[in-house]
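Worksheet: one structure, shown below.
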Amino acid sequence: MDYSQFLNHEIARIPYSGIRRFFDIASEMKEVISLSIGEPDFSTPWHVRQEGIRTLEQGKTWYSPNRGFTELREEICKWIERKYGVSYHPETDVVVTVGGSEAIDLCIRCLINPGDEVLIPEPSFVCYVPMTEMAKGTPVVIETKAEDQFRLTAQALREKITPKSKLLILPFPNNPTGAVMRREHLEEIAEVVREHNLLVLSDEIYGELTYGDRSHVCFAEIDGMKERTILINGFSKTYAMTGWRLGYAAGPTEILDAMTKLHQYAIMSSPTMAQYAAIEALRNGDQDIESMREQYDMRRRLIVDTFNSIGMPCFEPEGAFYVFPSIQKTGLTSEEFCEKLLYSEHVAVVPGNAFGACGEGFVRVSYSYSLKHINEALKRMERFLKSL
Amino acid sequence: MKKLLHLLHEDARLTNAQLAVMLNTSEEAVANAIAEYEEAGIIRGYKAIVNWEKVDSSPNKVTALIELKVTPKRETGFDTIAHRIMEFEEVESVYLMSGGFDLAVMVHGSSMQEIAMFVAKRLSTLETVLSTSTHFVLSRYKEGDVVLNSEIPDDRREYGE
């Protein structure tokens, strides 16, 4: 039977995520050292896991309210207030979702009418363009550049604004580049947002993973931006809880109402075991974040230093757990580089163009791996570069 | 520089250059800190974790844990006997324990026979040793934080984004 006649045209046309392709090949090979996975290598802190186990033992296996347990929403609001000094109302301004990804999808679908333009800085995580397309919106890509440390600049944003522009995606700290936006950069962006009456989806899933003296600035902190921002965050990266699938959105009541409606019909409620565990994480997890961040930071320094010395120049990423070195000197395309590296040295990294066309000439390397693993991979990569 | 200790404990073969980069300091500072730790007796040595079971004709193929009950000395308690025991080169480690016995002694040798003779002739004959109970190690799964003899990969993640 020809099922293509039945499929929605958009989804039939949209390709699978380019991140997966390389670890599908890698998983078939032996002795592969991978630096391709974008999730913490730590397990969820034990006290958080224990909370999940305890609720299972007690048989608390029912639905929660659509928005998520009140207690969890209260803790989320306290956490945001404590970290960024922004206050949200737990009853009306928050929805707990199945990962940050669901929150992104809800937000785009609840805001975008056919033809509305969504401004998407790239390189960035792979979901914004396809989700916009499924919502019949028009993705407008803004290229960020290595010479700007892959930050979004007000000028680049202005150049892409049209009367149809509605929503700006702010994916910082950034996957795959590790770029962060400091307060002064966000203020520049805020000015443009105000001028052109835009809304902002601020995907801050890596917000707790920033390095150096200055901590993450939430876009809603910027003067006048709270009312224009849908803040998206979650537990996956912050607390090493990827498999629990839990995230959230916070923002203006009317928008969160719409998102909750869609969530109610599509999802009903997020996994409750994960919600109970998340309450524990928010209450008692600060130390866990700190010790994971310390580990990431040491690996980050090592990997950046080594890349710069072996001929894969990279700017110093200040967030997330990725580095995005340039491979232009090799004369290979990102795909060729990754393929050759995989076949000759059995090291898997992700081609930069999986995150947008302007990622060409770069590769994404994750350092959410043990030191032993990273050192072995770096040795192999150095040998590979010498062999070219 | 406590982080330095943790890093060395994880992998003692990291170079000073690598350690300096990770700790955001100079190689010289790392070298000095290590020298100080050595001087102060905080770092006591550097050894490879060897899976002897995979080494042919290894002299140290058999290990046993020996529980010892002893009579403590009036002045020195368990120290005298512990010091005497750790002098044997067959002895890998000696611990004073809480619970049903006093000293736990890890002993290695080339055969069970050799260890049995060591216990019978040298350990149990020591003055103040009341009784011994010898447990042979059958298989080593994990040692010094490192998994030996395992098919389970270190990293079990498969599906990250």
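Among the residues of region A:159-186, which ones are in contact (Cβ under 8 Å) with a residue 40 or more places away in the chain, of a type outside the set (S, T, N, Q) and open to solvent by less than 40 Å² (accessible area, probe 1.4 Å)?
From region A:159-186, those in contact (Cβ under 8 Å) with a residue 40 or more places away in the chain are A:160-162, A:164-180; that's our starting set.
Those left that are additionally of a type outside the set (S, T, N, Q): A:160-161, A:164, A:166-173, A:176, A:178-180.
Listed by number, the residues that qualify are A:161, A:167, A:168, A:169, A:170, A:171, A:172, A:173, A:176, A:178, A:179, A:180.
Out of A:362, A:355, which single residue is buried (at least 21 other Cβ atoms within 10 Å of the Cβ), in contact (Cβ under 8 Å) with a residue 40 or more places away in the chain and within 14 Å of another protein chain (Cβ to nearest Cβ)? Steps first, answer last, please.
On the way: A:362 fails: within 14 Å of another protein chain (Cβ to nearest Cβ).
After ruling out the rest, the residue left standing is A:355.
A residue that is farther than 30 Å from residue A:156 by Cβ and surrounded by 17 or more Cβ atoms within 10 Å (Cβ to Cβ) occurs nowhere in region A:99-114. Just wondering, is there one or more residues in region A:182-190 that are more than 14 Å from every other protein chain (Cβ to nearest Cβ) and under 23 Å from residue A:354 (Cβ atoms)? No; the residues of region A:182-190 include none that is more than 14 Å from every other protein chain (Cβ to nearest Cβ) and under 23 Å from residue A:354 (Cβ atoms).
Here A:142, A:120, A:189 are screened, and the one residue that is open to solvent by less than 20 Å² (accessible area, probe 1.4 Å), without any contact (Cβ under 8 Å) to a residue 40 or more places away in the chain and over 27 Å from residue A:297 (Cβ atoms) is A:142. The listed residues are A:232, A:255, and the only one of them that is of a type outside the set (Ser, Thr, Tyr), in a helix (DSSP H, G or I) and over 14 Å from residue A:39 (Cα atoms) turns out to be A:255.
In the set B:26, B:98, B:57, only one residue is small (Gly, Ala, Ser), under 30 Å from residue A:316 (Cα atoms) and more than 18 Å from the chain's Cα centre (by Cα); that residue is B:26.
Residues that are touching a helix residue (DSSP H, G or I) at 6+ places or on another chain (Cβ under 7 Å) and within 14 Å of another protein chain (Cβ to nearest Cβ) within region A:223-240 comprise A:234, A:236, A:240, listed in sequence order. Suppose we keep only residues that are open to solvent by 40 Å² or more (accessible area, probe 1.4 Å) and of a type in the set (Ser, Thr, Tyr) within region A:365-387. Which one would you say is nearest to the other protein chains (Cβ to nearest Cβ)? Within region A:365-387, the match that is nearest to the other protein chains (Cβ to nearest Cβ) is A:370.
Cβ-Cβ contacts under 8 Å between residues 6 or more apart (or on different chains), taken from a first residue in region A:201-218 that is at positive phi to a second residue that is open to solvent by 10 Å² or more (accessible area, probe 1.4 Å) and of a type outside the set (Phe, Trp, Tyr), are listed as A:212/A:318.
Restricting attention to region A:12-24, which residues are surrounded by fewer than 12 Cβ atoms within 10 Å (Cβ to Cβ) and closer than 28 Å to residue A:363 by Cβ?
Passing the criteria: A:13, A:15, A:16, A:24.
Comparison of A:264, A:295 shows that the only residue that is outside any loop (DSSP other than H, G, I, E, B) and in the same structural domain as residue A:72 (by TED's automatic domain parsing) is A:264. Annotation: of all residues in region A:221-260 being in contact (Cβ under 8 Å) with a residue 60 or more places away in the chain and more than 22 Å from the chain's Cα centre (by Cα), the one that is most open to solvent (accessible area, probe 1.4 Å) is A:257. The single condition among (1) open to solvent by less than 40 Å² (accessible area, probe 1.4 Å); (2) farther than 30 Å from residue A:371 by Cα that residue B:132 does not satisfy is (1).
Selection within region A:20-58: residues that are over 16 Å from residue A:242 (Cα atoms), more than 14 Å from chain B (Cβ to nearest Cβ) and among the aliphatic types (A, V, I, L, M). The member of this set that is nearest to the chain's Cα centre (by Cα) is A:53.
Listed here are the residues, each with its yes/no results for (1) out of contact with any helix residue (DSSP H, G or I) (no Cβ under 8 Å at 6 or more places or on another chain); (2) open to solvent by 40 Å² or more (accessible area, probe 1.4 Å); (3) in a helix (DSSP H, G or I).
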position	(1), (2), (3)
A:1	yes, yes, no
A:10	no, yes, yes
A:26	no, no, yes
A:48	no, no, yes
A:53	yes, yes, yes
A:64	no, no, no
A:67	no, no, no
A:79	no, no, yes
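One residue is enough: does region A:292-315 have a residue meeting the conditions at pLDDT below 95, surrounded by fewer than 20 Cβ atoms within 10 Å (Cβ to Cβ) and among the aromatic types (Phe, Trp, Tyr)? Yes, because at least one residue in region A:292-315 is at pLDDT below 95, surrounded by fewer than 20 Cβ atoms within 10 Å (Cβ to Cβ) and among the aromatic types (Phe, Trp, Tyr).
Residue-by-condition table, conditions (1) more than 26 Å from residue B:122 (Cβ to Cβ); (2) within 14 Å of another protein chain (Cβ to nearest Cβ); (3) at pLDDT below 95:
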position: B:3; (1), (2), (3): yes, yes, yes
position: B:26; (1), (2), (3): yes, yes, no
position: B:39; (1), (2), (3): yes, no, no
position: B:49; (1), (2), (3): yes, yes, yes
position: B:63; (1), (2), (3): no, no, yes
position: B:73; (1), (2), (3): no, no, yes
position: B:85; (1), (2), (3): no, no, no
position: B:90; (1), (2), (3): no, no, yes
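Within this structure, residue B:156 passes the test of being within 14 Å of chain A (Cβ to nearest Cβ), without any contact (Cβ under 8 Å) to a residue 12 or more places away in the chain and open to solvent by 70 Å² or more (accessible area, probe 1.4 Å). The residue pairs whose first member lies in region A:322-350 and is in contact (Cβ under 8 Å) with a residue 40 or more places away in the chain and more than 15 Å from residue A:364 (Cα to Cα), whose second member is outside any helix (DSSP H, G or I) and small (Gly, Ala, Ser), and whose beta carbons are closer than 6 Å, counting only pairs six or more residues apart or on different chains, do not exist in this structure. Here residue B:46 meets the list (1) farther than 18 Å from residue A:297 by Cα; (2) surrounded by 11 or more Cβ atoms within 10 Å (Cβ to Cβ); (3) of a type in the set (Ser, Thr, Tyr) almost entirely, failing just condition (2). Considering (1) within 26 Å of residue A:262 (Cβ to Cβ); (2) without any contact (Cβ under 8 Å) to a residue 40 or more places away in the chain, the lone condition that residue A:59 does not fulfil carries the number (1). The number of residues in region A:307-321 that are farther than 11 Å from residue A:367 by Cβ and in a helix (DSSP H, G or I) comes to 3. Per the listing B:75, B:27, B:89, the residue uniquely within 26 Å of residue A:295 (Cα to Cα) and open to solvent by 40 Å² or more (accessible area, probe 1.4 Å) is B:27.
The values are calculated or read from the model by the stated rules, or taken from the named source; none is laboratory data. From a predicted model like this one, the values you see are computed outputs, not experimental measurements. All Cβ positions, even for glycine, are placed from backbone atoms using ideal geometry, and neighbour counts span all protein chains on display. What goes into the accessible areas is simple: the full protein's heavy atoms, side chains included, and nothing from ligands, DNA or RNA. Shrake-Rupley method; radii C 1.70, N 1.55, O 1.52, S 1.80 Å.
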